[in-house]
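Notes to accompany the following structure.
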Amino acid sequence: MPKALDSSSSESSKRLLPGQLCWLWLTGVVIALDQITKHMVVARFDLYERLEVMPFFNLTLAYNPGAAFSFLADAGGWQRWFFTAIALGASVLILIWLARLTAAEKLQGVALALILGGALGNFYDRLVLGHVVDFLDFYWGNSHFPAFNIADSAITIGAGLILLDMFLGARKKHD
């Protein structure tokens with residue numbers, strides 16, 4: 001293929017997807033994995049039923065009408081719409097942020113795509129079901145970490161990558 005055609009194709013694809021929007025495929029993968037796993041657990045488990053997978057890990061079915069760690073879970077129902085609106089607003093801001101990133105900011109692009117996928121996975125649950133489906137239960141002895149899901153994991157990994165990017169960026173400036 002002639003070089004001129006090759007470079008113009010590359011330039012036109014960059015114009016179609018500004019910034020780091022090329023990572024939206026990762027957002028789609030997170031949403032799909034999150035929803036598929038939630039549907040599998042809901043179809044297989046009764047509420048609070050547990051399946052021991054390892055001595056420190058269970059699969060279980062739990063519904064969370066609140067936010068992280070069941071924050072505001074007993075607030076009377078208004079929190080469903082509050083957290084739905086927050087997720088929608090955050091998703092729009094993340095899309096704008098992704099579009100404004102430079103080509104060199106790939107790690108931030110990956111991080112934001114993971115966070116967006118997690119936010120939209122839980123957004124769907126709140127909007128359609130009125131609660132978030134959680135099923136990953138890690139524990140030590142009788143102490144259980146709050147149950148969570150794939151969307152929560154993606155948000156946590158994305159936040160960790162943003163912190164790593166900040167640390168690496170600060171190191172580059174220092175060096």
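The values are calculated or read from the model by the stated rules, or taken from the named source; none is laboratory data. All values derive from a computational prediction rather than experimental measurement. Positions of Cβ are backbone-derived with ideal geometry, glycine not excepted, and every protein chain shown enters the neighbour counts. Just so you know, the surface numbers come from the protein's heavy atoms only, side chains and all, with ligands and any DNA or RNA stripped out. Shrake-Rupley method; radii C 1.70, N 1.55, O 1.52, S 1.80 Å.
I'd like to know if the stretch 68-78 contains one or more residues that are among the hydrophobic types (A, V, I, L, M, F, W, C) and modelled with pLDDT of 95 or more.
no
Among all residue pairs at least 6 apart or on different chains, which show Cβ distances below 7 Å where the first residue, located in the stretch 48-63, is assigned to a loop (DSSP other than H, G, I, E, B) and the second is modelled with pLDDT of 95 or more?
Tyr48/Thr60; Tyr48/Leu61; Tyr48/Ala62; Glu49/Thr60; Glu49/Leu61; Phe56/Phe138; Phe56/Tyr139; Phe56/Trp140
Would you check which residues across the stretch 115-145 are more than 22 Å from Trp78 (Cα to Cα) and either of a type outside the set (S, T, N, Q) or crowded, with 20+ Cβ neighbours inside 10 Å (or both) and list them?
The answer is Ile115, Leu116, Gly117, Phe135, Leu136, Asp137, Phe138, Tyr139, Trp140, Gly141, His144, Phe145.
If we keep just the residues of the stretch 121-151 that are among the aliphatic types (A, V, I, L, M) and in a strand (DSSP E or B), which is modelled with the lowest pLDDT?
Out of the qualifying residues, it is Val132.
Output the qualifying pairs, or none if there are none: Cβ atoms under 6 angstrom, residues six or more apart or on different chains, first residue in the stretch 152-170 and more than 21 Å from Ala87 (Cα to Cα) and outside any helix (DSSP H, G or I), second residue open to solvent by 60 Å² or more (accessible area, probe 1.4 Å) and small (Gly, Ala, Ser).
none
So which of Leu47, Leu107, Leu33, Leu93 ends up being in contact with a strand residue (DSSP E or B) (Cβ under 8 Å, 6 or more places away or on another chain), open to solvent by 30 Å² or more (accessible area, probe 1.4 Å) and at pLDDT 95 or above?
Numbers: Leu107 fails: in contact with a strand residue (DSSP E or B) (Cβ under 8 Å, 6 or more places away or on another chain); Leu33 fails: in contact with a strand residue (DSSP E or B) (Cβ under 8 Å, 6 or more places away or on another chain); Leu93 fails: in contact with a strand residue (DSSP E or B) (Cβ under 8 Å, 6 or more places away or on another chain).
The match here is Leu47.
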